[in-house]
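Scroll down for the structure; my scribbles are underneath it.
The values are calculated or read from the model by the stated rules, or taken from the named source; none is laboratory data. As the structure is a computational prediction, the values presented were derived from the model and not from experiment. Cβ coordinates were reconstructed from backbone atoms using ideal geometry, including for glycine residues, and neighbour counts include every protein chain displayed.
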Amino acid sequence: MPKLQHPRGLRGIYPPMRYRWLFIAVLIVVGGGLGIRQFIAHNRAKERLQAWQAEQEREQRLDRPVKISFGASVELTTWLDEWSQQTGIKATFVESAPVSGFGNPMVGPVCYDGSHHIALDLPQLPAREALRAFAAYCNCSWHLDQRGDLSVYASADEAPLVTRTYLLPAQLNENQQEDFADVFAYAPASDSWDVVGGRGGKVLTPGTLTVVHHADAQQQINTFYRALVPLLEQSSELTPAAWLVDDPRLQPVPICENPAAFARLLTALQQKVSFNVVDMPAQDFANKIGEKLGVPVNIDPLTGPFYATTVTLRLNNISLRSLLDILLRERNLAYVPIASGQALLITNEDQLQEQRYLTTCAYQVHDLASTAIGEPDLDPLAELIVTTIETDAWEDVGGTGSINYVSDSPLLVIATTLHNHQRIQGLLAALRKAKLVPLPVGSKRTHPKRGLDLRGLPFSIVPIVG
């Protein structure tokens, strides 16, 4: 019997007869292992895809339009039941302890039995925006679980944490990425992060930012992200030729879910009106104001006597903004925009500085921050703002307002009250006009009250009247 030879070209690879079955067994084991590994990886990828699709479906349910209109204050559970009925999402309150209250310092403790009333009428808007307004009003938090059910928690400390990863703009260098991540810290409450004892956390890696926070905070961060990225790209495209006082790109941009609605509210507040009312119930008067503004005007039941009082007023050719100031200031009340400016809430004046009621706007300040070498320097301008606009409202002196920016980018991100934003806008407009006014020879740019040396600023200071 002739001796078997290795096939030509396979000598040293094809085993002898006595090892052939062993070789085949090894191939089966290795191949089977690779196949099982690939099968497991495929299943895991499929599960991740299904989980992502399920999450997208749950998120899409929060995009359904809702309209909340009771015309008066209602119990907390009644409001949430109406929201649940319109969205088809089951919503429940979660009680962590028998003695824990539900609510916020503004309205006092709110019991889980629904014994507290809120006034929160909203126009038609996405369900998530209505839920965000509800969470801000009640100082609570919420979470949408895997079944698509909504759980409302008495505080952010009780809500489950959610992880999200955000891609950072490619044009940002390492230092700018750190600044961009720091700006995110002011989207939710700044004291909710782990560096100051909170639960939220963020991890910055080259090109990405991973954030761990509750769902309501993630929504606020996502709003910041979607608004700031285009603004940073726009900053790099603006040229000195665009630095005009009335250039629309230099107007403040509200960082909210619906900037267009917020801008319409600001415009409506400037319209001239005349009122002649006698002993009109406060809520009826608020409804008339709402008709002029085109948004619901809510009166917090905890504003005290004003909620049940009557209004007697006779004013002609006055802006709605001034009318509200006159009516509310003498009663220690104020108005704040809610739901991205799609509604107003009249509440106690001392609650204006609550961080959940602050308005965040981004300001393009190319012309006011450029230096001789072309790189923007925002520190002098930021210092000017905090030393002239309600000086005790900023975080450096114990307040809640903040000013942040990305290094080497002429974009200020300011969180403060609506009234302060109007004052800041007026200040910046005056500074732009003042650039055209030459200083007398030998004079110094110095703030008269605090002695702030402004010689490094690229503009002249002139008296501002009004």
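Restricting attention to segment 192-203, the residues that are out of contact with any Ser or Thr (no Cβ under 9 Å at 6 or more places or on another chain) and either modelled with pLDDT under 80 or closer than 18 Å to Gln353 by Cα (or both) add up to 3. Looking across segment 261-281 at every residue that is buried (at least 19 other Cβ atoms within 10 Å of the Cβ) and touching a helix residue (DSSP H, G or I) at 6+ places or on another chain (Cβ under 7 Å), the one that is nearest to Leu320 (Cα to Cα) is identified as Leu269. Selection of first residues in segment 316-338 that are hydroxyl-bearing (Ser, Thr, Tyr) and of second residues that are in a strand (DSSP E or B), restricted to Cβ pairs under 7 Å at least 6 apart or on distinct chains, gives the following pairs, ordered by first then second residue: Ser319/Lys272; Tyr335/Leu344; Tyr335/Leu345; Tyr335/Ile346.
Applying the criterion of at least 3 residues that are free of Cβ contacts under 8 Å to residues at least 60 places away in the same chain, within 29 Å of Gly341 (Cα to Cα) and not hydrophobic (A, V, I, L, M, F, W, C) to the strands (runs of 3 or more DSSP E) found wholly in segment 120-210 leaves 161-167. Within segment 417-444, restricting attention to residues that are crowded, with 16+ Cβ neighbours inside 10 Å and part of a loop (DSSP other than H, G, I, E, B), which residue is modelled with the highest pLDDT? Going through the qualifying residues, I end up with Thr417. Residues in segment 216-224: is at least one among the small types (Gly, Ala, Ser) and modelled with pLDDT of 85 or more? Looking for residues that are among the small types (Gly, Ala, Ser) and modelled with pLDDT of 85 or more, one finds at least one in segment 216-224, hence yes. One residue stands out in segment 237-253 among those that are modelled with pLDDT under 65 and part of a helix (DSSP H, G or I): the one that is nearest to Gln425 (Cα to Cα), namely Ala242.
Looking across Ala189, Ala261, Ala227, one residue alone is farther than 25 Å from Asn173 by Cα and either modelled with pLDDT of 85 or more or among the β-branched types (Val, Ile, Thr) (or both). It is Ala261. The number of residues in segment 385-413 that are under 27 Å from Glu233 (Cβ atoms) and not in a strand (DSSP E or B) comes to 6. Only strands (runs of 3 or more DSSP E) whose full extent lies in segment 269-376 are considered here, and none of them has at least 2 residues that are touching a Gly at 6+ places or on another chain (Cβ under 6 Å) and closer than 30 Å to Ser407 by Cα. Exactly one residue among Leu167, Leu161, Leu209, Leu125 is surrounded by fewer than 23 Cβ atoms within 10 Å (Cβ to Cβ) and touching a helix residue (DSSP H, G or I) at 6+ places or on another chain (Cβ under 7 Å), and that residue is Leu209.
Taking first residues from segment 384-413 that are without any contact (Cβ under 8 Å) to a residue 40 or more places away in the chain and partners that are of a type outside the set (Phe, Trp, Tyr) and part of a helix (DSSP H, G or I), the Cβ contacts under 6 Å between residues at least 6 apart in sequence or on separate chains come to Ile389/Asn420; Ile389/Arg423; Ile389/Ile424; Glu390/Asn420; Trp394/Val386; Ile403/Ala382.
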